[in-house]
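The values are calculated or read from the model by the stated rules, or taken from the named source; none is laboratory data. In this text, all values refer to a predicted model and were calculated from it rather than measured experimentally. Here the Cβ is made from the backbone with ideal geometry for all residues, glycine too, and neighbour counts use every protein chain on show.
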């Protein structure tokens, strides 16, 4: 997949557009094919500048903790979601995998 990756803190030019492996969902997780993501002032911009080190981010990282898209893979044990469902997710800090129980929408309704 294509992703913006932060390898070190600094101005916007530290953001690098790269090919990275598709993540595989672990047990209890879903993978979302992202259709839209925000640029969160604290969780993305301030972190990129190096102002959120107390949150213990681990570099390199892919910013964009708030997103919407379509479920495209399920981890073992996920029963509430199915591939093709539209979802929205709101991440937290410190950055971590967004567990499947943290996202929800109903098929056919806006994400």
Counted residues, region 16-54 - those being in contact with a strand residue (DSSP E or B) (Cβ under 7 Å, 6 or more places away or on another chain) and farther than 30 Å from residue 85 by Cβ: 2
All conditions in (1) closer than 16 Å to residue 2 by Cβ; (2) surrounded by 13 or more Cβ atoms within 10 Å (Cβ to Cβ); (3) modelled with pLDDT of 90 or more are true of residue 74 except (1)
Picking from 4, 34, which residue would you name as being touching a residue at least 60 places away in the same chain (Cβ under 8 Å) and not in a loop (DSSP other than H, G, I, E, B)? 4
